[in-house]
């Protein structure tokens with residue numbers, strides 16, 4: 001644990017707040033799914049499959065259907081962790097698989113959009129999709145690399161859940177370029193925020 005983490009409260013992300021807010025909603029559903037014999041890993045795979053189907057519709061230019069499917073998949077993605085906690089068996093490997101699957105689901109969504117814009121010869125939108133995908137992955141990578149070095153990096157204005165809140169309405173209302181543009185900008189700013197936050201912790205350690 002770094003000196004910064006010891007001396008000040010670790011920032012709470014929007015995702016953390018949403019998990020607490022909807023805990024009473026997801027817990028009964030998670031309990032019911034556990035009683036049905038479904039496993040957290042099954043829900044993880046269902047979420048990935050659903051996002052893949054949504055990406056196919058995006059690739060075809062059907063933003064409304066693709067956006068609605070991705071919207072439905074969002075709570076399913078959240079249920080695997082809830083189910084594991086209620087079963088009393090949250091594992092490090094399970095969390096690892098869930099995190100990796102989330103990255104695949106997000107990249108598949110971007111791939112669907114990239115294919116659509118490439119087919120439409122909309123080069124600027126294709127560039128925005130690339131920047132959005134790069135920024136989104138960097139946000140996750142910076143946090144993972146920081147935590148591997150025992151630093152905290154749970155800061156930033158656009159974490160994964162916020163990206164969903166930006167992208168899904170943009171798809172449903174058929175303004176995907178606006179949503180992708182916002183993510184392209186703010187995701188990369190978030191990655192930079194995390195880099196600077198880790199830098200601050202590293203400097204404090206050096207002064208010890």
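Estimated from helices alone, the mean residue ellipticity of the chain at 222 nm is -27500 deg cm²/dmol (sum of -39500 (n - 2.57) over DSSP H runs with n ≥ 4, per residue). What the Cβ-Cβ distance of residue 189 and residue 60 gives, at R0 = 35 Å and to the nearest 0.05, is a FRET efficiency of 0.65. Note on residue 71 and residue 208: with the Förster distance fixed at 35 Å, the Cβ-Cβ geometry gives a FRET efficiency of about 0.15. Put in order of Cβ neighbour count within 10 Å, fewest first, the listed residues 29, 108 become 29, 108.
Can you tell me the length gained on complete extension of the stretch residue 200 to residue 46, counting 0.36 nm per residue apart and subtracting the Cα distance?
Details: separation 154, 0.36 × 154 = 55.44 nm, distance 3.96 nm.
Computed gain between residue 200 and residue 46 is 51.5 nm.
Using alpha-carbon positions, what is the distance between the centroids of the range 172-188 and the range 194-208, in Å? Using only Cα atoms to place each centre, the spacing works out to 31 Å. As a size descriptor, the averaged projected area of the C-alpha convex hull of the range 41-122 was calculated at 5.0 nm². As a proxy for reagent exposure, ranking 77, 152 by other Cβ atoms within 10 Å from fewest up yields 152, 77.
Spacing of the modelled spin labels on residue 92 and residue 107, each 7 Å from Cα toward Cβ, amounts to 2.4 nm.
Solvent-free Debye calculation, one equal scatterer per alpha-carbon of the range 12-206: log10 I(q)/I(0) at 0.14 Å⁻¹ equals -0.84.
Computed from the coordinates by the stated procedures, all read-outs in this text should not be read as laboratory data. On a predicted model such as this, the values are computed, not experimentally measured, just so you know. Glycine also receives a Cβ, built like all others from the backbone with ideal geometry; neighbour counts cover every protein chain displayed.
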